[in-house]
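Below: one structure, written as structure tokens.
The values are calculated or read from the model by the stated rules, or taken from the named source; none is laboratory data. Keep in mind that what you see is a predicted model, and the values were worked out from it rather than measured. Every residue, glycine among them, receives a Cβ derived from its backbone with ideal geometry; neighbour counts consider all protein chains shown. For accessibility, only protein heavy atoms count, side chains too; no ligands or nucleic acids. Shrake-Rupley method; radii C 1.70, N 1.55, O 1.52, S 1.80 Å.
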Amino acid sequence: MNNRDILFKAVEELDRGRPVALVTLVNKEGSGPRGLGSLMIVTIDGLKYGTIGGGEFEAFVIKESLSALKEGKPRRVKMALRRENIPPDAMPTNMLCGGVVEVFINVLKPKPRLILVGAGHVGKPIADIGNILGFRVVVVDKDPGLANKDRYPYAETVKSGSVIDELKTIEFTENDIAVIAFGEVETDYQVLKHLVLNGFKGHIWALCSRNRAKWMLDRLVSEGVDVSSFRERIHMPAGLNIEAETPEEIAVSIWSEIICVLKSCRKPVPSLSILDNWQL
């Protein structure tokens, strides 16, 4: 597999919203199975494309790559391909090539993706700001007059029809966030329930009142959903309390909280969400 094919596979994974570990052989002293610059990628499923030498050495690097993917940070790995005279900063192996090799494992992350349910007055500026911030945007609404490429020309996907049915066609990734801005009580609830019960791993923001937020949480519990397993990833009512009134101001409020949560910042003003104090 040549470097072009390896890199093409990396781009393919990133386009699917999946991070990859790009492994490059950056240093070699003595004998080793591959030359400097040899490439390999490792997917979050543990699949590898390309090779940096095979055997015990490559198996260990794959293991380190999966750890780097889980942590989300790059790392360097140095290994001695011999059984004696091991440098103090190198991992020993049972190999007999004789050299010492070092690889750099870089974690390539896909662009984050916004799953927006609700393409109306507030949904439009939410999507617009998301696009400006570099998010991939998916728009879902039942009304094709609202959810269409003319209104959202930058969107990766625009879906109109039964909201839940359309959500079922989306393959969620760890790089997704969701904003529920549909505005109809039962639909908002069913969207929230669908996300939490179908493996949505990102944070979820729901545009609603405090009363509706409590009603949705209580209903989830009454229907046997374990809220404790995801309560830190749900934010409703969505946004920071900046006294927003217009659709555009509300969108700014929501994105302010999204950015703050994703970057683990100290919130400059209180969140509107009731989750910290909600009890059944």
Any chance region 146-156 includes a residue that's assigned to a loop (DSSP other than H, G, I, E, B), under 22 Å from the mean Cα position of the chain (by Cα) and among the acidic types (Asp, Glu)? yes
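Per-residue answers, yes or no, for (1) crowded, with 19+ Cβ neighbours inside 10 Å; (2) in a loop (DSSP other than H, G, I, E, B):
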residue	(1), (2)
1	no, yes
5	no, no
9	no, no
13	yes, no
22	yes, no
25	yes, no
35	no, yes
42	yes, no
46	no, yes
When region 101-134 is checked residue by residue, the ones that are open to solvent by 20 Å² or more (accessible area, probe 1.4 Å), hydrophobic (A, V, I, L, M, F, W, C) and in a loop (DSSP other than H, G, I, E, B) are 122, 133
Test: residue 52 is part of a strand (DSSP E or B) and hydrophobic (A, V, I, L, M, F, W, C): no
Could you check region 167-220 and list, in sequence order, the residues that are open to solvent by 50 Å² or more (accessible area, probe 1.4 Å) and polar (S, T, N, Q)? 169, 190, 198, 209, 211
Looking at region 235-265, which of its residues are within 23 Å of residue 174 (Cα to Cα) and open to solvent by 40 Å² or more (accessible area, probe 1.4 Å)? 256, 259, 262, 263, 264, 265
If only one of 59, 68 is hydrophobic (A, V, I, L, M, F, W, C) and more than 24 Å from the chain's Cα centre (by Cα), which one is it? 59
How many residues does region 71-92 contain that are more than 31 Å from the chain's Cα centre (by Cα) and either within 18 Å of residue 14 (Cα to Cα) or open to solvent by 10 Å² or more (accessible area, probe 1.4 Å) (or both)? 11
